[in-house]
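Asker: First the structure, then my questions, so here it is.
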Amino acid sequence: MPKMILIGAAALALLPVGGAVVLQAAEPPAAAAPADPAAAFGAREAVQQISLSPSGAKVAFIAPGPGRATALFVADVAGGEAKQILSANGDPDRLSGCHWSSETRIVCSIFMVVKTAGEIVNVSRMIAVDAAGGNLKLLSRDHRVYDAYVAFSGGEVIDWLPDENGAVLMGRQYVPEERMGTHLQDNREGYGVDRLDTSSLSTKPVEPPHKEAVEYISDGRGNVRIMGSRPSTSTGYDRPTITYYYRARGSNDWKQLGVYNSLTGEGFNPYAVDPDKDVAYGLKNVGGRYAFISVALDGSGKETIVFQHPRVDVDRPLRIGRRDRVVGVTYATDKREAAYFDLQLQSLAAALSKALPGLPLVEFIDSSTDESKLLIFAHSDTDPGRYYLFDRGTKQLAELMLKRPDLEGARLATVRAITYKAADGTDIPAYLTLPPGSTGKNLPAIVMPHGGPASRDEWGFDWLPQYFASRGYAVLQPNYRGSSGYGDIWFQDNGFKSWRVAMSDVVDAGRWLASQGIADRSKLAIFGWSYGGYAALQSSVVDPDIFKAIVAVAPVTDLAMATEEWRNFSNWTIERDWIGTGPQVREGSPAQNADRIKAPVLIFHGDLDRNVSVAESRLMDDRLHSAGKSSQLVVYPGLDHQLDDGTARTDMLRRADAFLRQTLKLP
């Protein structure tokens with residue numbers, strides 16, 4: 001039995017008191033520092049993904065195995081030991097998502113990073129397995145000997161058909177055959193939709209494959225209502241625009257819904273269909289910020305703003321149940337927030353966030369088919385999170401398991417939302433994490449810019465700053481200009497084209513730490529992953545004197561090389577236009593300006609990284625050595641961009657801490 005399982009723990013009573021909900025729970029254990037911080041924080045999450053069975057009686061969850069392995073477990077929520085029914089060794093296959101197609105059948109996605117014909121590619125396949133184990137079957141279309149090429153995508157489930165026992169609507173990729181001397185070859189090509197029985201594999205075509213189709217959206221009742229089509233250029237590369245088509249209720253004809261530009265974010269990007277209201281829900285940029293929009297599917301095309309926040313972008317819809325019912329939207333201000341359209345869920349979420357001690361962030365992860373039982377995840381900055389099952393009939397809340405059992409009882413650092421002034425007077429939002437129990441003054445400190453750059457940091461538990469806080473560092477995570485979530489003006493032209501502004505904000509984060517007396521100027525470092533690694537290096541090109549030590553994980557180091565890495569893929573022109581061209585490419589590449597960097601550099605990278613080639617880190621390391629600088633490069637064989645391996649992550653944390661202590665002359 002995996003040690004993360006707490007199934008069988010006594011249910012916690014939720015007692016209605018004057019319309020509120022009060023949780024009766026034992027006091028948490030006394031907090032202490034982990035015996036081995038690198039191993040505790042470097043361990044992968046014990047629950048990587050979880051789902052609830054249609055009846056609400058069982059859960060299926062993916063847990064890490066040794067190294068990079070993953071395993072699927074099934075357990076009764078009433079109690080008992082979890083049973084492992086499936087495993088993947090991570091070399092290269094790993095489980096990336098498992099959901100119930102019936103009470104006795106589970107559908108899983110298998111993700112792989114493989115090297116073929118000199119290129120690293122991401123590959124996925126869909127399978128089904130009995131909840132008791134066994135009867136494993138491939139749901140993706142299998143590769144045939146005469147196929148013209150290999151389909152890397154294994155498709156996806158677009159409708160779980162909750163009224164049908166074990167059948168799903170599945171988007172599947174069709175590859176035409178190439179064989180001579182016969183008229184029997186299958187010439188179907190593109191992305192289509194099939195109704196598929198996950199046990200017998202009985203298949204019925206629902207939507208024929210369309211060569212340019214990239215997306216289908218159903219109404220949760222077995223009807224495909226929206227199709228997204230992305231045309232190619234004359235040279236075979238993808239265009240940034242996706243044209244969406246819809247079907248009116250009861251019709252088989254496709255009509256144009258709108259055009260969405262994935263590069264600029266312009267246009268309506270649909271996410272779901274509400275069959276009762278006969279509308280499509282999605283995001284659209286309105287006045288410089290993403291709003292949640294409904295578009296009528298009755299032919300009128302009427303647009304209605306369902307929800308818009310005055311300061312930040314709406315991220316995505318909140319959905320629940322086997323019909324993926326839209327129940328609200330979510331967005332992040334200083335903290336993650338939700339706007340619920342379902343008033344009962346809104347009331348319950350508010351009550352739970354108050355009732356659960358120290359767990360203000362409450363998310364509805366899944367539900368039984370009738371939504372009488374809810375799978376809940378509650379977490380905070382000082383608690384990595386706990387999964388609960390809530391019975392709406394009995395008002396009982398039972399704790400199921402922990403997200404990170406290795407940190408149970410550990411004393412974690414609080415995270416505070418702050419702003420600091422950039423050089424031009426702009427207030428930059430950021431998150432400050434101080435070592436538990438520290439005075440917050442004269443500390444070794446780390447500026448930790450996030451990746452993306454079309455991303456942002458937010459309040460909550462984050463294993464990287466928490467680890468370094470446990471080792472005595474103050475950590476500041478800036479949402480520099482170029483971050484997403486704050487609207488067009490903040491996003492600029494993205495953090496690559498607008499790197500000068502982004503790097504200035506990152507440098508000013510270090511200056512602020514020193515000006516506030518939080519950081520000892522001689523003990524100020526920078527740590528970043530992906531674009532964050534780029535920012536760690538490039539900010540030290542912009543201001544070589546601010547940071548005394550640099551740690552970069554899987555960093556972009558050369559913008560021209562980052563573009564060329566996609567030359568043999570259909571999205572190459574999109575990547576090129578995203579990063580940009582012209583003099584800023586060389587000026588914005590730390591590998592081309594390595595002679596300006598003064599601080600010692602430590603770089604980590606996996607050699608199966610599809611996002612950012614390990615060649616970029618090797619180039620950076622070579623350029624630094626050629627310029628007479630101090631540089632170390634650690635390469636992890638067989639790992640991709642995420643370094644999704646507990647042993648590797650533990651090693652990285654230990655090496656990074658040792659490097660910082662030696663470079664900054666810490667005890």
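The values are calculated or read from the model by the stated rules, or taken from the named source; none is laboratory data. Just so it is clear, the structure is predicted and the values come from calculations on it, not from any experiment. Neighbour counts run over all protein chains shown; Cβ positions are idealised from the backbone, glycine included. Areas reflect the complete protein model, heavy atoms only, side chains present, ligands, DNA and RNA absent. Shrake-Rupley method; radii C 1.70, N 1.55, O 1.52, S 1.80 Å.
Asker: Only Lys, Arg, Asp and Glu count, each charged at its Cβ (+1, +1, -1, -1), so figure out the dipole size of the chain about its Cα centre, rounded to 20 debye.
Answerer: In debye, rounded to 20, the chain gives about 1000.
Asker: Can you give the accessible area per residue of the stretch 544-610, in Å², using a 1.4 Å probe?
Answerer: Accessible area per residue, the stretch 544-610: 34 Å².
Asker: Tell me whether the stretch 333-416 comes out rounded, prolate or oblate; compute the Cα gyration tensor, take square roots of the eigenvalues as a ≥ b ≥ c, and use a/c under 1.5 as the rounded threshold.
Answerer: oblate
Asker: Okay, moving on. About its Cα centre, what dipole magnitude does the stretch 210-321 give when the only charges are +1 on Lys and Arg Cβ and -1 on Asp and Glu Cβ, stated in debye to the nearest 20?
Answerer: 40 debye
Asker: Output the Kirkwood hydrodynamic radius of the chain, Cα pairs only, in Å rounded to one decimal.
Answerer: Kirkwood radius, the chain: 26.6 Å.
Asker: Next question. By per-residue mean of other Cβ atoms within 10 Å, what is the highest-first order of 483-492, 534-543?
Answerer: Result, highest mean first: 534-543, 483-492.
Asker: Taking the mean number of other Cβ atoms within 10 Å as a proxy for protection, how do you rank 81-91, 357-367, 132-142, 43-53 from highest to lowest?
Answerer: 43-53, 357-367, 81-91, 132-142
Asker: Towards the positive end of the charge dipole of the stretch 186-338, with charges on Cβ (+1 Lys, Arg; -1 Asp, Glu), say which of PRO240, GLY267, PRO209 has the farthest Cα.
Answerer: Result: GLY267, furthest along the dipole toward the positive end.
Asker: Same structure, new question: For the stretch 260-418, what % of the accessible area comes from carbon and sulfur atoms, probe 1.4 Å?
Answerer: 46 percent
Asker: Given ALA648, ILE518, VAL635, which one lies farthest toward the positive end of the charge dipole of the stretch 516-667, if we put +1 on the Cβ of every Lys and Arg and -1 on the Cβ of every Asp and Glu?
Answerer: The Cα lying farthest towards the positive end belongs to ILE518.
Asker: With a cut-off of 8 Å between alpha carbons and a minimum separation of six or more residues, what is the relative contact order of the stretch 509-667 in percent?
Answerer: 23 percent
Asker: Another question, if that's okay. With an 8 Å Cα cut-off and a minimum separation of 6 or more residues, compute the relative contact order for the chain in percent.
Answerer: With pairs under 8 Å counted, the relative contact order is 11 percent.
Asker: Moving to a separate point now. Can you compute the charge dipole magnitude of the stretch 567-645 about its Cα centre, using +1 on each Lys and Arg Cβ and -1 on each Asp and Glu Cβ, nothing else charged? Give it in debye, rounded to the nearest 20.
Answerer: With only Lys, Arg, Asp and Glu charged at Cβ, the dipole is about 400 debye.
Asker: Quick one: work out the % antiparallel among DSSP beta bridges in the chain, nearest 5.
Answerer: Around 85 percent of the beta bridges assigned by DSSP in the chain are antiparallel ones.
Asker: Using a 1.4 Å probe on the protein heavy atoms, what percent of the accessible area of the stretch 44-164 belongs to carbon and sulfur?
Answerer: That share works out to 51 percent.
Asker: Also: Provide the three semi-axes, in whole Å and in decreasing order, of the ellipsoid equivalent to the stretch 461-598 as defined by the square roots of 5 times the Cα gyration tensor eigenvalues.
Answerer: Those come to 27, 16, 15 Å.
Asker: How would you classify the stretch 144-290 from its alpha-carbon gyration tensor, with a ≥ b ≥ c the square roots of the eigenvalues: rounded for a/c under 1.5, else prolate if a/b is greater than b/c, otherwise oblate?
Answerer: Oblate is the answer for the stretch 144-290, as a/c is 1.5 or above yet b/c matches or exceeds a/b.
Asker: When a/c is below 1.5 the answer is rounded, else prolate if a/b is larger than b/c, else oblate, so apply that to the stretch 206-298 with a ≥ b ≥ c taken from the square roots of the Cα gyration tensor eigenvalues.
Answerer: oblate
Asker: Along the charge dipole of the chain, pointing to its positive end and built from +1/-1 on Cβ of Lys, Arg, Asp and Glu, which listed residue (SER109, ALA509, VAL150) has its Cα farthest out?
Answerer: Going by the Cα projections, it comes out as ALA509.
Asker: Could you give the accessible area per residue of the stretch 133-173, probe 1.4 Å, as a whole number in Å²?
Answerer: Accessible area per residue, the stretch 133-173: 48 Å².
Asker: Using helices alone, what [θ] at 222 nm do you get for the chain, with -39,500 (n - 2.57) per DSSP H run of 4 or more residues, divided over all residues and rounded to the nearest 500?
Answerer: Per the formula, -5000 deg cm²/dmol.
Asker: Could you provide, to the nearest whole Å², the per residue accessible area of the stretch 287-361 with probe 1.4 Å?
Answerer: For the stretch 287-361, the solvent-accessible area averages 47 Å² per residue.
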